[in-house]
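Reviewing the structure listed below.
The values are calculated or read from the model by the stated rules, or taken from the named source; none is laboratory data. Small disclaimer: the values here were computed from a predicted structure and weren't measured. In this analysis, Cβ positions are derived from the backbone assuming ideal geometry, glycine residues included, and neighbour counts consider all displayed protein chains.
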Amino acid sequence: MAQPGLQIIDDRSSGDLSTLNGNHWSLVTDNVMGGVSQGSLTTSSIEERQCLRMQGEVKLDNNGGFVQVSLNISDTVMHNITDYSGIMLQVYGNEQQYNVHLRTSDVSLPWQSYRSTFYAPSEWQTIYLPFSEFRPHSIDYPLDIAKLKRLGIVAIGRAFEADLCIGKLALYR
C-alpha cells in the first residue's frame, strides 16, 4: 500500500535481495582495497517484520574499516527524485552508528561519497535523512541529487560488530 509523500524503493516484500523494481542489494567490504573486515547480507525477520540484514565485523587492519550494503538507483526512482526532501529508512540495529552514502555521476573515486550518519537502536525506528544534511567526503562538488546513481548503508570508521536490519527504504517529501 502506498503511503502519501513516500516513494518506496524497497519494502522487503520480495523475500530475497531484490527491491520492488528488481534491482539487487549487494555486499561490499573493505576487502576490495586490502582490508580484512567481514560481512554478510541476508534476508531476515525481526519482530515479525521482513528485513534486509547486514552483519559483520568491521576491522581497521590494513587501512580497512567498512562493511556496506549497496543498491543501484533505478530510472523509475530517478525520474522525479528532485520532488523529494530525503531518504527514509526503517531500521533495527544494535545501538551503533551507521552511515548512508550516496554516489552520483560526479563521484569518480571509490572513497568519494556524500554521507549522513544515523543511530540504530535495538528496536524498530524510522529515520529521516534530509538530502541537505549529506556532506561531501573527499569530493569538492556539492550534492546534486538529480545525478544519484547508488546508495549504500555502511558500517564504517571504527572497529565494531555491525548488525543492522533495514525494513523499508523510501524517498520522502
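Just one of GLY64, GLY39, GLY15 is without any contact (Cβ under 8 Å) to a residue 40 or more places away in the chain, out of contact with any Pro (no Cβ under 7 Å at 6 or more places or on another chain) and surrounded by 15 or more Cβ atoms within 10 Å (Cβ to Cβ); which is it? Step by step, each of GLY64, GLY39, GLY15 is checked, and only GLY64 is without any contact (Cβ under 8 Å) to a residue 40 or more places away in the chain, out of contact with any Pro (no Cβ under 7 Å at 6 or more places or on another chain) and surrounded by 15 or more Cβ atoms within 10 Å (Cβ to Cβ). Given the criteria of a type in the set (Gly, Ala, Ser) and within 29 Å of VAL36 (Cβ to Cβ), does SER108 qualify? Criteria met by SER108. Here is the figure for segment 19-43: residues that are at pLDDT 95 or above and among the aliphatic types (A, V, I, L, M) total 4. Residues being among the basic types (Lys, Arg), closer than 19 Å to TYR172 by Cβ and touching a strand residue (DSSP E or B) at 6+ places or on another chain (Cβ under 7 Å) are entirely absent from segment 93-104. So for segment 124-138 (the condition being touching a residue at least 12 places away in the same chain (Cβ under 8 Å), surrounded by fewer than 19 Cβ atoms within 10 Å (Cβ to Cβ) and among the aromatic types (Phe, Trp, Tyr)), does at least one residue qualify? Yes: segment 124-138 contains one or more residues that are touching a residue at least 12 places away in the same chain (Cβ under 8 Å), surrounded by fewer than 19 Cβ atoms within 10 Å (Cβ to Cβ) and among the aromatic types (Phe, Trp, Tyr).
Within segment 93-113, does at least one residue satisfy the condition of being closer than 19 Å to ILE9 by Cβ, touching a residue at least 60 places away in the same chain (Cβ under 8 Å) and part of a strand (DSSP E or B)? Yes, some residue in segment 93-113 is closer than 19 Å to ILE9 by Cβ, touching a residue at least 60 places away in the same chain (Cβ under 8 Å) and part of a strand (DSSP E or B). Look at (1) under 24 Å from SER14 (Cα atoms); (2) in contact (Cβ under 8 Å) with a residue 12 or more places away in the chain and you find that HIS79 fails only one, number (2). The residues on offer are SER26, SER45, and the sole one that is surrounded by fewer than 17 Cβ atoms within 10 Å (Cβ to Cβ) and within 22 Å of PRO121 (Cα to Cα) is SER45.
Checked against the criterion of being touching a helix residue (DSSP H, G or I) at 6+ places or on another chain (Cβ under 8 Å) and either within 20 Å of SER74 (Cβ to Cβ) or not charged (D, E, K, R) (or both), the candidates SER108, SER122, SER116, SER132 yield just one match: SER116. The residues of segment 139-162 that are assigned to a loop (DSSP other than H, G, I, E, B) and touching a residue at least 40 places away in the same chain (Cβ under 8 Å), listed by number, are LEU143, ASP144, GLY157, ARG158, ALA159. Out of all the residues in segment 46-78, which are small (Gly, Ala, Ser) and under 16 Å from SER113 (Cβ atoms)? Listed by number, the residues that qualify are GLY65, SER70. Taking segment 48-61 as the range and being surrounded by fewer than 21 Cβ atoms within 10 Å (Cβ to Cβ) and either under 14 Å from ILE166 (Cα atoms) or among the polar types (S, T, N, Q) (or both) as the test, the residues that pass are GLU48, ARG49, GLN50, ARG53, GLN55.
Could you check how many residues of segment 73-93 are under 16 Å from the mean Cα position of the chain (by Cα) and at pLDDT 95 or above? Number satisfying all stated conditions: 8.
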